[in-house]
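Chemist: One structure coming up, written as structure tokens, with questions to follow.
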Amino acid sequence: METGIISNCTRCGQGIKNIFEYQGKPYGSECVQIVSGIKVWEMGNKRNVDEYIKFKADRHAQIEARETEEQKTREYYYEKNGWLIDYLMDKDNKRYYPPSGIEIRIQEKGFCYSIAQELFMKEIEDLTDRQFQIVADMWSKEFGGRSGSKKYDKAWDEFCDKCGLE
Ligand SMILES: [Zn+2]
């Protein structure tokens, strides 16, 4: 079906110049919206509604697949890093609902929050040295004691053990 050729709309019978094709039949722009439910403005220069519907469905499926993949990645890393993610999220001082509610955590988005977000996507050992030092220090002071004390050193070692590091 070419545009520019006078034809008659399948729905209303009027002569049409700007032809849209839907289920193999010609329609004017208003009628095609009524029968297909697709808004013609969103089709741009496309005139074949069937192809456009397929295009939309494919795009939707791609987005869903990507979201599923991202969610799987987050779950994978939460499994490994969840203990530290939870600790860091709590440092930002807001309630949240792990682990099924991963997406509804709303935080103040400080330093701890941003590291926690990184830990949904990477290994603890892939944090920068600076990030790791700060987190280990925070942990060791909280569960050990003042910097340089034996308790602090012990907590640091335990932290490294939990991270799977020597
Ligand atoms: Zn019509």
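None of the figures in this text is laboratory data; all of them are computed from the coordinates on show. If you're wondering where the values come from, they're calculated on a predicted model, not measured in any experiment. Positions of Cβ are backbone-derived with ideal geometry, glycine not excepted, and every protein chain shown enters the neighbour counts.
Chemist: Taking the simple approach of a point 7 Å from Cα along Cα-to-Cβ for both PHE143 and LYS56, what is their distance in nm?
Modeler: 5.2
Chemist: Which value, in Å³ per residue, describes the convex hull spanned by the Cα atoms of the stretch 7-60?
Modeler: Normalising the Cα hull of the stretch 7-60 by residue number yields 67 Å³.
Chemist: Taking neighbour Cβ counts within 10 Å as the exposure measure, how do PHE120, PHE159 sort from fewest upward?
Modeler: Arranged by neighbour count, lowest to highest, PHE120, PHE159 become PHE120, PHE159.
Chemist: Based only on other Cβ atoms within 10 Å, what is the fewest-to-most ordering of MET89, MET138?
Modeler: With the fewest neighbours first, MET89, MET138 line up as MET138, MET89.
Chemist: Which of GLY15, PHE159, ASN48 sits closest to the plus end of the dipole of the chain, meaning its Cα is farthest towards the positive end, when Lys and Arg get +1 and Asp and Glu get -1 on the C-beta?
Modeler: Positive-end residue among those listed: GLY15.
Chemist: Note down the net charge around VAL40, summing +1 for each Lys or Arg and -1 for each Asp or Glu among other residues with Cβ under 15 Å from its Cβ.
Modeler: +1
Chemist: Could you please report the charge total around ARG66, scoring K, R as +1 and D, E as -1 over all other residues with beta-carbon less than 14 angstrom from its beta-carbon?
Modeler: After counting each charged neighbour, the total is -2.
Chemist: When Lys and Arg each count +1 and Asp and Glu each count -1, what net charge do the other residues less than 15 Å away from SER147, Cβ to Cβ, add up to?
Modeler: Net charge in that neighbourhood comes out at +1.
Chemist: For TRP83, TRP156, which order do you get if you count the other beta carbons within 10 Å of each Cβ and list the fewest first?
Modeler: So the ranking, lowest neighbour count to highest, is TRP83, TRP156.
Chemist: Given 25 °C and 0.890 mPa s, compute D for the chain with the Stokes-Einstein relation, Rh being the Kirkwood radius over Cα pairs; round to the nearest whole µm²/s.
Modeler: Estimated diffusion coefficient is 120 µm²/s.
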